[in-house]
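Each remark here refers to the structure printed beneath this line.
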């Protein structure tokens, strides 16, 4: 069946979309239900709760002591004790069986009812037992002293908690205190979640060629949960008119809100519009938003129920959910937008938008006294982009860029954002071991973007620690020349260790590789490392030397290497490619070759050091990191790890003169 | 049975307590379990999750367009289009059935696999269909253009998410993307919760004399839930040695941690110590903390399981839970202490501690640009204190006070703290109606502490709006003389309405009350209002006038009124007391008398105005409040409400010259 392409002829802003929505549906809770106190946490009160008992419900003692007539002990002092006859005892929970007459006292426990006749309680600390039933009182007490009067806290008829209140442990306590065991709360809106696309497969099932796993069902499910909805994943729909129509009809009957993702682009497979327009009135009310990403977002209303069609790319889907769907789900749940779901942060550099469209830019948040919002690059389908982003910022449609250092609102994907320690730069399996140890105590985020990327991130204040092994071909020195070249003033170098780099090949060396030149000359599939990584720098230096020797350009050599353009971001990824036959040869560490059972041809022993931000140097996580580098335990680990050995003065802080 | 009193001879700090604990037990998760992605939100990863598929799993198109050989379209421009033959089509989720040869193109959808032979994709926007199977390309594309390369995002072997990570929607998305459907997380620690005390009764059951409802079971239950534990309420225990021993034995067998509250004070009914010491070794390891409140806190370890005995008063219990138990529950759940569970705030005035003991002071948080932490008074058993407090601050043991304006850490009871609008002061049923309306849009906290308390709260910057009706007997003027007298510079007066105050009595007037003097002279039970309330001021003025007339002191008159010392905080509470026979007579509003079906003897028409903080005047909630005062809808409500009428210029802002 040939499908006509739909053009987005009427893009609207998110605010205009909301205006359209409220013309058709009231954004308020859809019903109420009673829940027990144990299930009330985080729910929203649907009524004012009025006290039906007093608190305290009777005059009670606030201390352990003796219930007395205050006039009897007037004038009592250390040197003028007053004797009273103890005529009984009242425990908490007991009904007093005796009254206090003049000259008498009744022993009383905290929380016990005041016996008739008594009008004050003397604390036990100010009394002394003379014999079994006589006490001396050393201090006077005023009328009403140490008595908590009936209803002095809450009186019958008082409102204990108001409709609309989000129920916290304290509110639960207050409800319990007035005897409420079940409480009326707003119903959670039932939200159906579905993904569309022939390419989608459910996680946990095998992946055949051309297919990818469904991500949006799960990010949407958990986001709806966080927003007080009751989500259900309906499943994955193929791009089939009949199937989509049938499933949406079912969902419209059984849920309050429907969220789909995918199948909304104006390209091939664009069926959602037609189905929604046919299912009921008014049908599609928003045909596209002037936001980027998220232009193909659809909003429809069918029989008073809202249907959102979000983009298919995971990051786009999540950003559009947060900006457009989240506030609506929360209103239907009776929740206000949480203040803590938006935080203020500062931009480390200028961020560009797109003219005429509101642009959402995913950001990672770094704590540096203030919060810094670092834009996270990569394409919208990227998982790395998803895991690295804490939320997103908005560049308004009439703004071409946001200035460096300007304050922006960050719309959080989740309140669990940021880390105690931000590590970025070169990948090293031993560094990962150190970080795993620190993770017992701190939250640690690690991003493998190569040595050079790490150095620049530290310079921009984007991270705390970067691992580096950058060889300067002119001086044959590691790391320091690069710190000078890039003029990194806000960091120190901390001495690390040596690691042995080399060529890794399958056991038995089937292609008979003997050195780097064989990678060029033999018909083998190479796997490269990412640009900016120290290993890539090493590979390119080797290529340059060979090019010079052969009198050709380095570019010529690179073109001759099958796989030069295929980049792995970690040593593990290189080893895995060689191990499982996706490549014949790569460059990695001796240690990695041992782990993966591969052969290793040494190329060079390199220096792996740490560039550490001055801002972070005195923070606990960094201090513990450096301490661990210097520890006997770590030196032993290094000495036992194939291809590794400590540098002299490992853990020493070196200030580089620029 | 006579119980010996235990003396707290070895008080320790919370840090010393923790040191003792870790000598016996390791504070780490107690096991792991697999959960589905739908149940993973908020759980903690118990393993590093390693990608077992690449992302993307194949070279795929990032746009809708045509897969081509980039060399074929080199040099293509608007005025130099290049024609290609369209030899097929590939949709997302399909395996390409055709390859691209020189001069050919294959139509391709976003997300579809790149057919063999093609090395780039031209966006559909840069092409034009000439006829059924011929296109013109207007723009060149570089090698690899618009292709997302296999594994460029995540390569097999890469760590997707680290052990110890709290699972957010994004992490769930990343796990789904690599096909993970079930994930290993730390088990939640099973926490048994029990309350002890003969006076305790379960909410939802009737309350007999001398009993109070169990509060702590429910605040602890919900706090443990928030902290990642799996709580269960075991029930209420009487102060019985056998029963406590039996229940604790059971709980020690079936739970990881036990939290009890009550029965820990060194007074009567102090059984917990003995039982804990007998149940196993080492038994009680902490016999008391040098904190206030919370001195009688017990910590025991029996067969490697932790038992906490917390104080019985709800606020003390919750504060000690938060400071001592919470971090331990979180560690056992694999969670770090949330950064957002402590916030910085500023003190509005000096806050005193107690020498030698660490003092916890409950505070309410008010947003005024910065957060302000207002100490919340009242006794530790108070529900009002519980609901008003957002958290608590700590005055160190070696500090006699914390200075005004100093920055303090506030340990939050819950992350849902503070309000959009803080209203404090005189109680008025019509004001409650206005606030109920605002609650549709804002969170509103209302505290009835009387007119004078409200005025002082505004002066201290503690609230946004205070309702006042304070009569100055000398000038016979309302409110303004008090603003002058207390020199309130940081606020304006907003004109409100008249309300009629009078004596309220049961239908039929059984005691034949005709005026205020009858309250003094007849043998009737009066119910008073709280000190500082406008109604109390009115009552005291009436008493003074009568005293003057009779030539006696006002104090003499007060002593003659049965119930003068019993204070209700709201009009509702007064009416409820008269209605249900807890008092014979009170002073309240005509409107209230009508609601409760009581008789009304007019005393005075008074002026009820609003004192509004200058800081809040331009904030949305206050703007809407004033707008509503001025609205036709509200004027009509006033005119229909018995005893109410609008003042001229209602809603006008009056700046008082001091």
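Taken over the stretch A:49-62, the criterion of being crowded, with 19+ Cβ neighbours inside 10 Å, within 10 Å of chain B (Cβ to nearest Cβ) and not in a loop (DSSP other than H, G, I, E, B) is satisfied by A:55, A:60.
Screening residue A:367 with (1) out of contact with any strand residue (DSSP E or B) (no Cβ under 7 Å at 6 or more places or on another chain); (2) assigned to a loop (DSSP other than H, G, I, E, B) gives one miss only, at (2). Pairing residues of the stretch B:385-396 that are in contact (Cβ under 8 Å) with a residue 12 or more places away in the chain with residues that are in a helix (DSSP H, G or I), at Cβ distances under 6 Å and at least 6 apart in sequence or on separate chains, gives B:385/B:315; B:386/A:170; B:386/A:173; B:386/A:174; B:386/B:314; B:386/B:315; B:392/B:319.
Do we have residue B:431 as closer than 16 Å to residue B:625 by Cα and either away from every other protein chain (no Cβ under 14 Å) or out of contact with any helix residue (DSSP H, G or I) (no Cβ under 9 Å at 6 or more places or on another chain) (or both) here? Considered against the rule, which asks whether it is closer than 16 Å to residue B:625 by Cα and either away from every other protein chain (no Cβ under 14 Å) or out of contact with any helix residue (DSSP H, G or I) (no Cβ under 9 Å at 6 or more places or on another chain) (or both), residue B:431 comes out as yes.
Can you find a residue in the stretch A:110-120 that is surrounded by fewer than 19 Cβ atoms within 10 Å (Cβ to Cβ) and either under 58 Å from the mean Cα position of the chain (by Cα) or over 30 Å from residue A:31 (Cβ atoms) (or both)?
Yes, the stretch A:110-120 has at least one match.
Against the conditions (1) modelled with pLDDT under 95; (2) under 25 Å from residue A:429 (Cα atoms), residue A:559 satisfies every one except (2).
Return yes when residue A:179 is over 30 Å from residue B:59 (Cβ atoms) and at the interface with another protein chain (Cβ under 7 Å from one of its Cβ atoms) and no when it is not. So residue A:179 passes the test. Scanning the stretch A:109-123 for residues that are part of a strand (DSSP E or B) and either more than 14 Å from every other protein chain (Cβ to nearest Cβ) or without any contact (Cβ under 8 Å) to a residue 60 or more places away in the chain (or both), we see that the one that is nearest to residue A:134 (Cα to Cα) is A:122. For residue A:368, the stated conditions hold: it is in contact (Cβ under 8 Å) with a residue 40 or more places away in the chain and more than 15 Å from the chain's Cα centre (by Cα). For the stretch A:334-355, the candidate set comprises residues that are closer than 24 Å to residue B:341 by Cα and in contact with a strand residue (DSSP E or B) (Cβ under 7 Å, 6 or more places away or on another chain); within that set, the residue that is surrounded by the fewest Cβ atoms within 10 Å (Cβ to Cβ) is A:344.
When every residue of the stretch B:141-148 is checked against the conditions, none turns out to be in contact (Cβ under 8 Å) with a residue 24 or more places away in the chain, more than 20 Å from residue A:563 (Cα to Cα) and more than 57 Å from the chain's Cα centre (by Cα). Listed conditions (1) within 8 Å of chain A (Cβ to nearest Cβ); (2) buried (at least 21 other Cβ atoms within 10 Å of the Cβ); (3) under 30 Å from residue B:151 (Cα atoms) are all met by residue B:185, apart from (1). In the stretch A:407-419, the residue that is farthest from the other protein chains (Cβ to nearest Cβ) out of those that are touching a helix residue (DSSP H, G or I) at 6+ places or on another chain (Cβ under 7 Å) and not in a loop (DSSP other than H, G, I, E, B) is A:411.
Evaluated against (1) farther than 23 Å from residue B:532 by Cβ; (2) buried (at least 18 other Cβ atoms within 10 Å of the Cβ); (3) at pLDDT 90 or above, residue B:406 falls short on exactly one condition, (2).
When residues of the stretch B:26-48 are filtered for being loosely packed, with under 15 Cβ neighbours inside 10 Å, away from chain A (no Cβ under 13 Å) and either part of a loop (DSSP other than H, G, I, E, B) or at pLDDT below 90 (or both), how many remain? Within the stretch B:26-48, residues that are loosely packed, with under 15 Cβ neighbours inside 10 Å, away from chain A (no Cβ under 13 Å) and either part of a loop (DSSP other than H, G, I, E, B) or at pLDDT below 90 (or both) number 1.
Which numbered condition trips up residue A:377, out of (1) part of a loop (DSSP other than H, G, I, E, B); (2) away from chain B (no Cβ under 14 Å); (3) free of Cβ contacts under 8 Å to residues at least 40 places away in the same chain? The number of the failed condition is (2). Filter the stretch B:90-107 down to residues that are within 9 Å of another protein chain (Cβ to nearest Cβ) and within 21 Å of residue B:57 (Cβ to Cβ) and give me whichever is surrounded by the most Cβ atoms within 10 Å (Cβ to Cβ). Among those that are within 9 Å of another protein chain (Cβ to nearest Cβ) and within 21 Å of residue B:57 (Cβ to Cβ), it is B:92.
Any residue that is closer than 30 Å to residue A:57 by Cα and more than 12 Å from chain A (Cβ to nearest Cβ) - is there at least one of those in the stretch B:343-359?
Taking every residue of the stretch B:343-359 in turn, at least one turns out to be closer than 30 Å to residue A:57 by Cα and more than 12 Å from chain A (Cβ to nearest Cβ).
Just one of (1) more than 7 Å from every other protein chain (Cβ to nearest Cβ); (2) over 22 Å from the mean Cα position of the chain (by Cα); (3) crowded, with 24+ Cβ neighbours inside 10 Å fails for residue A:199. It is (1). In this structure, is residue B:106 part of a loop (DSSP other than H, G, I, E, B) and modelled with pLDDT of 95 or more? No: the conditions fail for residue B:106. Applying the criterion of at least 3 residues that are farther than 20 Å from residue A:463 by Cβ and touching a helix residue (DSSP H, G or I) at 6+ places or on another chain (Cβ under 9 Å) to the helices (runs of 4 or more DSSP H) found wholly in the stretch A:582-658 leaves A:590-596, A:632-640. Restricting A:135, A:172 to residues that are outside any loop (DSSP other than H, G, I, E, B), within 12 Å of chain B (Cβ to nearest Cβ) and crowded, with 22+ Cβ neighbours inside 10 Å narrows the list to A:172.
Checking B:404, B:422 one by one, the residue that is out of contact with any helix residue (DSSP H, G or I) (no Cβ under 7 Å at 6 or more places or on another chain), part of a loop (DSSP other than H, G, I, E, B) and touching a residue at least 24 places away in the same chain (Cβ under 8 Å) is B:404 and no other.
The values are calculated or read from the model by the stated rules, or taken from the named source; none is laboratory data. Treat the numbers as computed from the prediction; the structure is a model and nothing was measured. All Cβ positions, even for glycine, are placed from backbone atoms using ideal geometry, and neighbour counts span all protein chains on display.
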